[in-house]
Protein chains: 2
Amino acid sequence: MQRQDFPGSPLGLHRVIEPAGALPQAAWRLDPSPGLWPDEARVRVDRLNLDAASFRQLSEAVDGNAAGTDGGHAAAMRAAVLGIVAERGKMQNPVTGSGGMLTGVVAEVGPDSPLGLAPGDRIATLVSLSLTPLAITDGLARWDGRSEQVPCDGHAILFGRSIAAVLPADMPVPLALAVLDVCGAPALTARVVRQAWVGGTAPVVAILGAAGKSGSLSAAAAREAGARLVIGLVPTQAEADLLTASGLADKVVIADARDPAAVAESVRAAGGPAQVTVVCVDVPGCEGGAVLATADRGTVIFFSMATSFSAAALGAEGVAADITMLIGNGYVPGHAALALDLVRAEPGVRKIFESRTAEG
Amino acid sequence: MQRQDFPGSPLGLHRVIEPAGALPQAAWRLDPSPGLWPDEARVRVDRLNLDAASFRQLSEAVDGNAAGTDGGHAAAMRAAVLGIVAERGKMQNPVTGSGGMLTGVVAEVGPDSPLGLAPGDRIATLVSLSLTPLAITDGLARWDGRSEQVPCDGHAILFGRSIAAVLPADMPVPLALAVLDVCGAPALTARVVRQAWVGGTAPVVAILGAAGKSGSLSAAAAREAGARLVIGLVPTQAEADLLTASGLADKVVIADARDPAAVAESVRAAGGPAQVTVVCVDVPGCEGGAVLATADRGTVIFFSMATSFSAAALGAEGVAADITMLIGNGYVPGHAALALDLVRAEPGVRKIFESRTAEG
């Protein structure tokens, strides 16, 4: 089933219904109809993986409406997701703006698709649900509303530039999904650490939130890219124990990432300041500490979606910090393979992921 | 008048009243008392320069309260600014979070101040009012509430790391102030353009909002740093005429910076995509166009405070764009001198600034 009426755009502009001219990510509403433009592919969806911010918002909104019983909660959560997808043609939470990812099996591939996929491939999308045309056909009947992972039947559309990864055969799907969800972080960290080698001297790297998913992968990537010293900052003794047991950081320090002076002092005491600081803490207010923990001419990579652009820009200016601040781009070529390989090579990463994913 | 009771912090942490532990920028309330810690300096303020976003918000709030007559408007604006400064010990608009800058004459310098200032120097602060302890003593009696530039008597405190610039003798104060307000943009643009030289090939640079203050300075800086081609994007024919007359851009194109496809196409048609894209448009929604206008492995510098961190991060990921995205840090060593020199050397920059500052 293909549409040849006019050429599509690799960005999916032809699927935008409103407002005209917007990119699919920014659009209010997409066309999720199953017919393919020549460079598209269609996936039979089996699972949505809602992003944490969206899932939390939906849960709180539903509970605020006093859904009462478990059955009431499940029905209300289903209705919320089904309503968004029916209205928008994609699963983009209108409050948080965020989406998540999906898994499924490739059903049909247009003749001009550049993605290298074949029907029958089991894949995960590496672009956000917030730009992916989606239709749900099973009413989400198998979802209890209590997990971010949503069993689902339906279809989704991949554009020419919608990156997807074939799921690896050698690890459980929930683990692979959790790794792919944050795979941009270790790839960009590795690139920046390599660039930070100055005159033959390897950089010191500080990871804020190093016992989390993106944090542990970034720590492993920093070491593989040749960091001289990896300092992992965590908020509690329990996370410090987890990180120490993983062996991923050379030094483990405990501090509140929102306390700038405490972050700067603890990183300094552990061997900093850092030439590269990586922010993986998903709470607001970590900009100042990251700036102060970073050496002159060093680089901060912000991966947390809770980062405030103006707090970072004005914060660095306010303390006359001559540092480079990067918006963590989730796409770096080869990011999926790099992250999956880190999980295979580093038992410490796998251990942290297994402690943080229900189904391990 | 000096305080020696305990050592101060170059970041001004000792001036934070609440919440404890916050940096002065993030704090709700600072101590603006005139006594100096050893590394501080005190300035007798003669003018506040409110940032555009803050001034607009205050004006709209006051007019929304139906201040009526001109006298009523002025009184309401004065009361608004005086109220904020009295409550917070600094001029940080609680709605926008932004501040502005000030001019004045250095009154006293602590023995350990590293700023190189002497009593009698006429200076402008290059750190935001949002972190500068301030007290106002004249009730703002000379301000009509209609201009961002506020005649003012009072005092302000500079910390050890509060950058300030001595005002140049060879240009009017309003012009110098307007230039210093955005001097981080040309300095960072110049650095990134120099770094973007690849294998002896000079980069193509696109400036979104090139007929504005930061945009025109960034265009001049890009050319001086060796850009092969400077493409200036503006929203209207009037701005295109202004930019063309200035001679600062090799190509001038007209497009709505919020329309991603239009931005990408017009930059491409003018000789793009760009190895370096500089966003100087102070409206929300310019992230997608900047991403699409930028070449593979290129760099986007976001200077606009209207930039959304998540829109940039998810937007680049969503179109699989392997680009570097920088949060525009307002501090680069030597930024004030570089910007003032560009105004002296480039009549086109001065012309644009004069067309955009009331008192020229």
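Details
- Check on residue A:77, touching a helix residue (DSSP H, G or I) at 6+ places or on another chain (Cβ under 9 Å), part of a helix (DSSP H, G or I) and in contact (Cβ under 8 Å) with a residue 40 or more places away in the chain: yes
- All conditions in (1) modelled with pLDDT of 95 or more; (2) in contact with an Asp or Glu (Cβ under 8 Å, 6 or more places away or on another chain) hold for residue B:274, with the sole exception of (2).
- Filtered residues of region A:1-53 (kept if within 14 Å of chain B (Cβ to nearest Cβ), at pLDDT below 90 and more than 20 Å from residue B:264 (Cβ to Cβ)): A:51, A:52, A:53
- Residue that is out of contact with any helix residue (DSSP H, G or I) (no Cβ under 7 Å at 6 or more places or on another chain), in a loop (DSSP other than H, G, I, E, B), within 12 Å of chain A (Cβ to nearest Cβ) and surrounded by fewer than 20 Cβ atoms within 10 Å (Cβ to Cβ), where the choices are B:119, B:114: B:114
- Selection within region A:136-171 - assigned to a strand (DSSP E or B), in contact with a Lys or Arg (Cβ under 9 Å, 6 or more places away or on another chain) and touching a residue at least 60 places away in the same chain (Cβ under 8 Å): A:149, A:150, A:151, A:152, A:153, A:154, A:155, A:156, A:157, A:158
- In region A:261-286, the residues that are closer than 22 Å to residue A:194 by Cβ reach residues that are of a type in the set (S, T, N, Q) and outside any strand (DSSP E or B) with C-beta atoms within less than 6 angstrom, at least six apart or across chains, in these pairs: A:278/A:189; A:278/A:218; A:279/A:304; A:280/A:214.
- In region A:327-360, the qualifying residues are those that are outside any helix (DSSP H, G or I) and surrounded by fewer than 16 Cβ atoms within 10 Å (Cβ to Cβ), and the one that is nearest to the other protein chains (Cβ to nearest Cβ) is A:333.
- Among the residues of region A:291-310, some residue qualifies, meaning at least one is at pLDDT 95 or above, more than 14 Å from every other protein chain (Cβ to nearest Cβ) and either open to solvent by 10 Å² or more (accessible area, probe 1.4 Å) or farther than 20 Å from residue A:218 by Cα (or both).
- If the condition is being surrounded by fewer than 20 Cβ atoms within 10 Å (Cβ to Cβ), among the β-branched types (Val, Ile, Thr) and in contact with a helix residue (DSSP H, G or I) (Cβ under 8 Å, 6 or more places away or on another chain), then region B:243-260 contributes only B:254.
- In region B:122-135, the residues that are more than 14 Å from every other protein chain (Cβ to nearest Cβ) reach residues that are among the basic types (Lys, Arg) and outside any strand (DSSP E or B) with C-beta atoms within less than 6 angstrom, at least six apart or across chains, in these pairs: B:134/B:90.
- Summed over region B:136-151, residues that are among the charged types (D, E, K, R) and open to solvent by less than 30 Å² (accessible area, probe 1.4 Å) total 0.
- Wholly within region A:172-246, helices (runs of 4 or more DSSP H) carrying at least 1 residues that are out of contact with any Ser or Thr (no Cβ under 6 Å at 6 or more places or on another chain) and within 30 Å of residue B:315 (Cα to Cα): A:173-181, A:184-195, A:213-224
- Count of residues meeting criterion [aliphatic (A, V, I, L, M) and assigned to a loop (DSSP other than H, G, I, E, B)] in region A:80-106: 2
- Selection status of residue A:50, under 25 Å from the mean Cα position of the chain (by Cα) and over 17 Å from residue A:162 (Cα atoms): yes
- Residues located in region A:288-314, provided they are on the phi < 0 side of the Ramachandran plot and more than 25 Å from the chain's Cα centre (by Cα): A:292, A:295, A:296, A:314
- Subset of region A:218-242 [buried (at least 24 other Cβ atoms within 10 Å of the Cβ) and farther than 21 Å from residue A:202 by Cβ]: A:234
- Residues located in region A:166-177, provided they are open to solvent by less than 10 Å² (accessible area, probe 1.4 Å) and either among the small types (Gly, Ala, Ser) or on the phi > 0 side of the Ramachandran plot (or both): A:176
The values are calculated or read from the model by the stated rules, or taken from the named source; none is laboratory data. Source: prediction; values computed, not measured. Glycine gets a Cβ as well: all are built from the backbone with ideal geometry, and neighbour counts include every protein chain shown. We work out accessible area using only protein heavy atoms, side chains counted, and drop any ligands, DNA or RNA first. Shrake-Rupley method; radii C 1.70, N 1.55, O 1.52, S 1.80 Å.
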